[in-house]
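Comments concern the structure below.
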Amino acid sequence: MDFKVEVAKLLAAAADVSFEDALATVEIPANKTMGDFAYPCFRLAKVFRKAPPMIAQEIVEKLDKPEFIEQIQVVGAYVNFYINKGVYAQAVLKDVLKDKDNYGKSDIGNGKTIVIDYSSPNIAKPFHVGHLRSTVIGNAIYKIHEELGYNCVGVNHLGDWGTQFGKLIVAYRNWGSKEAVENNGIQELMRIYVKFHDEAENNPSLDDEARLWFVKMQEGDQEALTLWKWFYEISIKEFERVYEMLGVKFDVYTGESFYNDKMAPVVEELKNKNILKESEGALIVDLEDKNMPPCLIIRKDGGTLYATRDITAALYRKKTYNFEKCIYLTALDQNLHFAQWFEVIHKMGYDWYKDLIHVPFGLVSLDSGKLSTRHGNVVLMEDLLSQAIGETKKIIEEKNPGLENKEEVSKQVGIGAVIFNDLYNGRIKDVVFSWERMLNFDGETGPYVQYTHARACSILKRAGEISFENIEYSKLSDDASLDICKLLEAYPDKIRDAANKLEPSVVTRHLVAIAQAFNKFYHDNPILNSEEEVRQARLAIVVAVKTVMKQGLNLLGIDAPEQM
Ligand code: ARG
């Protein structure tokens, strides 16, 4: 039952307005003492040529008070409705108890495919905190869509192709050793890559050599590709360790190299469609009519570019997955890049260019000094996550030294804290890492929500066997119970809202609100020691909250331990 809709129906009959009009006018008062729904009569003053308070009074006289409304009051120009808490609680809790883990799931996405391009780090470069955001936000967007019935394809568009690999090969041949790379992995690859740049400053022929090696890669030269493949595997091994820690998976790893043999026909198509222009030896798509700099497609030396591969990948994905939307997650400094090549797809005559969606996010800054910087000034994801786990373990050691699976829980809570922190604010905002704030068990944090979930689990454990048949919902007549029911009722809408806005923070914030309401409920109401009917009804709230919190955390990619 949708209570707002029911109230609007009543009003439509009593106020002589259309149902749509009534529904659009009904408000949910910010101040709870003004009721659960309020109907302002200002606009009707003109129609009926009467003072609004008088109209409100007349509406109330005509209203038939249904069972789900406890009280109707006129306050000034408003008609305020107070719902019957028990009836409302019954409507909401019955749904949650019946649907369990499926509460909030929907089929609105059935038959539709969403491609999500996220994480996508660069081979031979460290997986740094900047990639964390893409990974975490993308993973949440994936799960949120999945909950709504969409078929999701998670793509890791690895940066594994381009002239930089020519440089790396030259660097390796000049200053590298098999042993050092095997022992130090990406660190060593970074070291020789940096050395290449230092050396090339005084010796530009190194750059020419690097370009040649990349050309060899493009042409399928064995020696070049063997080295490249080796760098690739070393990098992937490190990335996968991070994904494993974060609990993130991909459906496909189709990085930039995957498109090496697929670009030529696309360039051909651009030529045939008369979109390509020559400019200083390079091939470009002019975007002056869109007030953007040109999109570079082929370099003067014949090399393809990041944009060339993105255009090719989009065509490939459209053909392969026939997506409804293709979503790209990167920091906002790539805004122009995406705007440019989306426009190229438009100029090619594909109207699905409007289904390509760049979802930008803000930067990560560090509450400096507190993060381990043993690798110079790049903060590596793996170190950061290990540190999160370590800090959490210290807290658990202090708060609950007897906890059984401390290692496992420290991992779930530490990593959860990092993810939650990233998803708490609107994604466009910058994220600041502050261990103190992130790991505060009383703040608006991951540990706080997880702790509240664990508290619910512990109450249920102590309660023992409970039957949820024939609950006396009228026993839930307090404000805290009502607040929780409202938040639970809103939860399915929040998932849809998060998907529409591509904004996981909608879910994150709602979970904090539920946790806060639950802690107030727990504080105000004795549960286990109450009289039988009250006990059972309150336990129904505990189960419902536990169910939704666990499910909500899962949507964000966060575990919900039962004890912590
Ligand atoms: N590898 C890129 C980077 O680290 C991100 C790739 C994003 N995806 C894409 N299709 N361009 O900046």
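The values are calculated or read from the model by the stated rules, or taken from the named source; none is laboratory data. Only a predicted model underlies this, so the values are computations on that prediction, with no experimental measurement involved. Neighbour counts are summed over all protein chains in view; Cβ atoms, including those assigned to glycine, are modelled from backbone coordinates with ideal geometry. With ligands, DNA and RNA removed, areas are computed over all heavy atoms of the protein, side chains included. Shrake-Rupley method; radii C 1.70, N 1.55, O 1.52, S 1.80 Å.
Here is the figure for the stretch 317-351: residues that are free of Cβ contacts under 8 Å to residues at least 60 places away in the same chain and either assigned to a helix (DSSP H, G or I) or within 13 Å of the ligand (Cβ to nearest atom) (or both) total 17. Considering only the stretch 14-35, how many residues are open to solvent by less than 20 Å² (accessible area, probe 1.4 Å) and aliphatic (A, V, I, L, M)? Final tally of qualifying residues: 4. Number of residues in the stretch 338-367 that are open to solvent by less than 30 Å² (accessible area, probe 1.4 Å) and under 22 Å from the mean Cα position of the chain (by Cα) equals 6.
Return yes when residue 481 is part of a helix (DSSP H, G or I), small (Gly, Ala, Ser) and over 27 Å from residue 388 (Cβ atoms) and no when it is not. The answer is yes for residue 481.
Within the stretch 419-448, restricting attention to residues that are part of a helix (DSSP H, G or I) and surrounded by fewer than 16 Cβ atoms within 10 Å (Cβ to Cβ), the residue that is nearest to the chain's Cα centre (by Cα) is 437.
Would the stretch 254-266 turn up any residue that is among the aliphatic types (A, V, I, L, M) and surrounded by fewer than 14 Cβ atoms within 10 Å (Cβ to Cβ)? Taking every residue of the stretch 254-266 in turn, at least one turns out to be among the aliphatic types (A, V, I, L, M) and surrounded by fewer than 14 Cβ atoms within 10 Å (Cβ to Cβ).
Applying the selection to the stretch 306-316, what residues are of a type in the set (Ser, Thr, Tyr) and near the ligand (Cβ under 10 Å from one of its atoms)? The answer is 306, and nothing else.
The single condition from (1) away from the ligand (no atom under 16 Å from the Cβ); (2) within 17 Å of residue 354 (Cα to Cα); (3) without any contact (Cβ under 8 Å) to a residue 60 or more places away in the chain that residue 294 fails is (2). For the structure I just gave you, tell me whether residue 303 is touching a residue at least 12 places away in the same chain (Cβ under 8 Å), open to solvent by less than 10 Å² (accessible area, probe 1.4 Å) and within 16 Å of the ligand (Cβ to nearest atom). No. Taking residue 178 as the residue in question, decide whether it is closer than 17 Å to residue 230 by Cβ, more than 15 Å from the ligand (Cβ to nearest atom) and surrounded by fewer than 18 Cβ atoms within 10 Å (Cβ to Cβ). Yes: the conditions hold for residue 178.
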